[in-house]
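To keep things clear, I will list the structure first and then write my remarks on it.
The values are calculated or read from the model by the stated rules, or taken from the named source; none is laboratory data. Remember, it's a predicted structure, so these values are computed and weren't measured experimentally. Neighbour counts run over all protein chains shown; Cβ positions are idealised from the backbone, glycine included.
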Amino acid sequence: MKNLKPITSVVLATLLLGLIPFVSDSEKSYLVYFLFLTFCHIVLTQGWNLVAGYTGQVSLGTHAFFALGAYTTAMIWRADLFSWENYYFDPVTMILSGLVPVIFALAIGIPLLSKLHGDYFALGTLGFGEILKVVCIKGGQFTGGPIGIMLPSSVYTTMRPHYWTALFLAFLATGVVYFMTKSRVGLALVAISEDETAASSSGIYILKYKVLAFAISAFLSGLCGSLYAYYLFQVSPEGFLILRWTLYPVLMCVIGGSGTVVGPILGSLLMTAVFTVTSIYLPGIHPIFSGIIIILVMLFMPNGIIRLWKKGV
Amino acid sequence: MENRLLEIKDLHVSYGSVCALWGVSLHVPEGSIVALVGANGAGKSTLLKTIAGMNRPKNGSILFSGKHITGLTPEAVVNAGIAMVPEGRKLFARLTVKENLELGGYIPRARPFIQKSLEQAYELFPLLKTKSNQIAGSMSGGEQQMLAIARSMMSRPTILMLDEPSLGLSPLVVKMMFELVEELNRKGMTILLVEQNIYQALKISHYAYVIKTGKIVLEGKGEQLLSDPEVQNAYLGTME
Amino acid sequence: MFDYLTFGLLAQLFINGILFGTMYGLAAIGLSLIFGTMRIIFLSQGAVIILMAYCCYWLFTLFKIDPYLSIPIIGLAAMVLGAGIYQGLFRRAVKMEDKNITLLIAVGLMFLIENLMAVMWTPNPRSISTGYTSSSIPVGGLAISFTRLMGFVMAMLSTAGVTLFLKRTLVGKAVRAASEDIEAARLVGISPHWVNTIAFAIGIGLCGIAGIALSTTYPFDPYFGFIFSLKAMIALALGGLGSVFGALLGGIILGTLESWSSFFISGGWADAVSYGVFLLVLLFKPEGLLVRSVKKV
């Protein structure tokens, strides 16, 4: 029964947050945009958390899956794949945008994870992102080159669907991480991050779980990319295939506390606030702060905020 | 009263929450061979590593020539005059024999004498001289053990700690190894020897301690322990 | 359709590839030293190279110091910077079990340097133009650009210097020993911090040389560094860890590969070819193409 308490509080918080667009003017207030961005970050951060925090593997390919999701949405819409009236916030399109990254995650994840440890996995995923970038820039009409694919922005009426979808995805991502940690799968993942040899000798089929975590992470990133494509209406290498979309989730996760359920939420909220404030008041130089913050956090708080008051967890 | 070169007082060491040494006290008189024997996992290697500065003790003190060396870095311990030949030899396998030896004399105290130490090492181990440009990893087990000892001698130590020098060697080479230890001792080297080969170790040592699950359970002169019925039952019966 | 392919053209592409590849090689040697001693993937390497290129550019523009005369100044400054980076940023983190921390510090440093350069010197590309920038030396019917040749010579000399240092000096041997087994190195009295500081000083020192070579041959901008880091990683993966010469050769192979693929397939795709090769090497021969695996005793 005790376990129900965090669940109910998260559900309650989600429902309360869902009411905000009714209270605050979603078009004029900064709050709705800020929370939308925070929720997007939570989705990506929880995805990264699942791989790094629970299996000990650092992926530097979040931006690649994020962009794959966005490009999938844009291409389906542009090609009018199902001859539907509407592709704007179409669930099938969005789910497909999550599944395409999964295919790529499996294709590169299985060989990379079965052969390589830590360092090389990070480089391999980074290399994948770079290849994707070249393909998108050089893809001609197929990918729209450096300008990317423009979507009909005339369908935009309000920020509300973005807000609610982002909130739902953040809830979903957190739920997935929570479920994974409580289940047998989750225990296996923790065992992997703690001691790979021991986990393998106790009969856990490591590769399967690592790949599963990596694939789910890609799915979440792809969904988020699709959502963000509906927000920007232009899917370009410059908007999606930038390292920012990999580094921010990493930073947020580590600051909050990787390997925990709540840590990434705290980290996302805090850092989105910091970045928003610095980009308003210190335009131009705010990326410098991200660099400094990453370094300081790693040096002095490598275990995250959440463990500051939850010592020993 | 004998001169206590190395003295360990009430040493407690733990790995995380697991206690590995529970109040171990022993001492090594200058010019002697002291053996520390016991079964696998009794805490022998932990003790040597703690003396060498690789582990930090929770409690207790280590004195060397009357000075506290508890909690020093491994580098400082070597520089003070305590050399260790680690278990498994830990040579630099991709470096040559000569390079391994030179690095043995890396510490500031020994560096000015590197050439001299090198000549002495070659004198003691003529084989190493003929193989000086060979890659250390390509030598046989016995040769590697020789090199490991020679390397630690390069730091011109006052006391030499040997962790399982006979491990993985053929019986003939083991015999040579113990003869070598005795010879080094005759030349004036103080030796702290950790061994699983209890019979051989007790035979050459002047004094010995038996360690069991992190505690010293028995001590005495080497031959005395050899004839001790308790030791014979517990350790030697199964060994020979 | 390939009748435009003369021997001269192929040779020219080959030579250009080698000359550019040596720069990758220099960066890869530094990475190899840093990774070897501390297991740090120093992703900020490229950003530091660009920083050094800017230093060279400003010494030239403001103080009229010839790029080749600035070698000792920049080389020394870079070595000091390297030691500082270790002492300030990595000394604490190296001791931690979690290797992701050092990787992320390197990422943070890259972010910091890149954006600092963009703010201080604008994101516009820069290049150094001296009296000899466009001069070239005819060699057997081919024209070899003087500045690129100088870059090549600088790379060769510094590789030789590093090799001599590692093979002939006691400290250099200690660096090699620590790369192999840090615990054993400590037991013979080698201080890990000293060895790590030296590895960083040399690694960043080489960035200085690469930065000068880059600034005299190609235009550069603040964000070029990241790609450079990746290329150095690829060179390292090709050459295998633990060998200075292998790292240089890896860089040269990569440079040649890029030079040819950008000619035959078109510029932008050359990068994809390199990353493709990188992924293939990681998958099938992660110990490097040029290294026979050394058995651990």
Of those in the range B:91-137 that are over 21 Å from the mean Cα position of the chain (by Cα), among the hydrophobic types (A, V, I, L, M, F, W, C) and in a helix (DSSP H, G or I), the residue nearest to the other protein chains (Cβ to nearest Cβ) is B:Ile114
Can you pull out every residue in the range B:1-31 that is acidic (Asp, Glu) and touching an Asp or Glu at 6+ places or on another chain (Cβ under 8 Å)? B:Glu2, B:Glu30
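Is there a residue being crowded, with 22+ Cβ neighbours inside 10 Å and either within 20 Å of the chain's Cα centre (by Cα) or without any contact (Cβ under 8 Å) to a residue 24 or more places away in the chain (or both) anywhere in the range A:146-162?
Yes, the range A:146-162 contains at least one residue that is crowded, with 22+ Cβ neighbours inside 10 Å and either within 20 Å of the chain's Cα centre (by Cα) or without any contact (Cβ under 8 Å) to a residue 24 or more places away in the chain (or both).
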I'd like the full set of residues that are more than 7 Å from chain A (Cβ to nearest Cβ) and not in a helix (DSSP H, G or I), limited to the range C:258-282. C:Ile265, C:Ser266, C:Gly267
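When you scan the range B:65-87, do you find a residue that is charged (D, E, K, R), touching a Ser or Thr at 6+ places or on another chain (Cβ under 9 Å) and within 22 Å of B:Ile191 (Cα to Cα), even just one?
Yes, there is a match, as at least one residue in the range B:65-87 is charged (D, E, K, R), touching a Ser or Thr at 6+ places or on another chain (Cβ under 9 Å) and within 22 Å of B:Ile191 (Cα to Cα).
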Which condition from (1) modelled with pLDDT of 90 or more; (2) in a helix (DSSP H, G or I) is the one that C:Gly36 breaks? (1)
If we only count helices (runs of 4 or more DSSP H) wholly inside the range C:85-174, which ones have 3 or more residues that are closer than 26 Å to C:Ala11 by Cβ and free of Cβ contacts under 8 Å to residues at least 24 places away in the same chain? C:146-168
Filter result (among the hydrophobic types (A, V, I, L, M, F, W, C), under 18 Å from C:Ile182 (Cβ atoms) and within 9 Å of another protein chain (Cβ to nearest Cβ)) within the range C:91-112: C:Ala93, C:Met96, C:Ile101
When the range B:16-50 is examined, which residues are found to be within 14 Å of another protein chain (Cβ to nearest Cβ) and either of a type outside the set (D, E, K, R) or in a strand (DSSP E or B) (or both)? B:Gly16, B:Ser17, B:Ser45, B:Leu48, B:Thr50
Only one of A:Leu126, A:Leu132, A:Leu167 is among the hydrophobic types (A, V, I, L, M, F, W, C), within 19 Å of A:Cys40 (Cβ to Cβ) and part of a helix (DSSP H, G or I); which? A:Leu167
Read through the list (1) away from every other protein chain (no Cβ under 14 Å); (2) crowded, with 24+ Cβ neighbours inside 10 Å; (3) under 13 Å from C:Ile49 (Cα atoms), then give the number of the only condition that C:Phe200 fails. (3)
Give just the number: which of (1) without any contact (Cβ under 8 Å) to a residue 40 or more places away in the chain; (2) away from every other protein chain (no Cβ under 14 Å) does A:Ile131 not satisfy? (2)
Before we move on, is A:Leu223 surrounded by fewer than 24 Cβ atoms within 10 Å (Cβ to Cβ) and assigned to a helix (DSSP H, G or I)? no
List, please: which pairs have Cβ atoms under 6 Å, are six or more places apart or on different chains, and start with a residue in the range A:229-255 that is more than 15 Å from A:Thr38 (Cα to Cα) and within 14 Å of chain C (Cβ to nearest Cβ) and end with one that is basic (Lys, Arg) and part of a helix (DSSP H, G or I)? A:Pro237/A:Lys133; A:Leu241/A:Lys133
Hey, C:Ile74 crowded, with 21+ Cβ neighbours inside 10 Å and within 14 Å of chain A (Cβ to nearest Cβ) or not: no
Filtering the range C:239-261 down to residues that are closer than 25 Å to A:Thr125 by Cβ and modelled with pLDDT under 85 yields C:Gly239, C:Gly240, C:Leu241, C:Gly242
Out of (1) at pLDDT 85 or above; (2) more than 9 Å from every other protein chain (Cβ to nearest Cβ); (3) within 18 Å of C:Gly36 (Cβ to Cβ), the odd one out for C:Phe224 is which? (3)
Search result, residues across the range C:66-102 that are of a type in the set (Lys, Arg) and touching a helix residue (DSSP H, G or I) at 6+ places or on another chain (Cβ under 8 Å): C:Arg91, C:Arg92, C:Lys99
Against the condition within 14 Å of chain C (Cβ to nearest Cβ), without any contact (Cβ under 8 Å) to a residue 12 or more places away in the chain, on the phi < 0 side of the Ramachandran plot and touching a helix residue (DSSP H, G or I) at 6+ places or on another chain (Cβ under 8 Å), how does A:Lys138 come out, does it pass? yes
Residue selected from the range C:175-196 under the condition at the interface with chain B (Cβ under 8 Å from one of its Cβ atoms), assigned to a helix (DSSP H, G or I) and among the hydrophobic types (A, V, I, L, M, F, W, C), by the criterion farthest from C:Ile34 (Cα to Cα): C:Leu187
Show me the helices (runs of 4 or more DSSP H) found entirely inside the range B:138-208 where at least 3 residues are closer than 28 Å to B:Arg111 by Cα and either within 14 Å of another protein chain (Cβ to nearest Cβ) or of a type outside the set (A, V, I, L, M, F, W, C) (or both). B:141-153, B:171-186
Considering only residues of the range A:17-35 that are closer than 11 Å to A:Leu167 by Cβ and modelled with pLDDT of 85 or more, which is surrounded by the fewest Cβ atoms within 10 Å (Cβ to Cβ)? A:Leu17
Criterion first (crowded, with 24+ Cβ neighbours inside 10 Å, over 16 Å from the mean Cα position of the chain (by Cα), not in a loop (DSSP other than H, G, I, E, B) and not polar (S, T, N, Q)) does A:Ala67 satisfy it? no
Among (1) within 14 Å of another protein chain (Cβ to nearest Cβ); (2) assigned to a helix (DSSP H, G or I), the one test that B:Gly53 misses: (2)
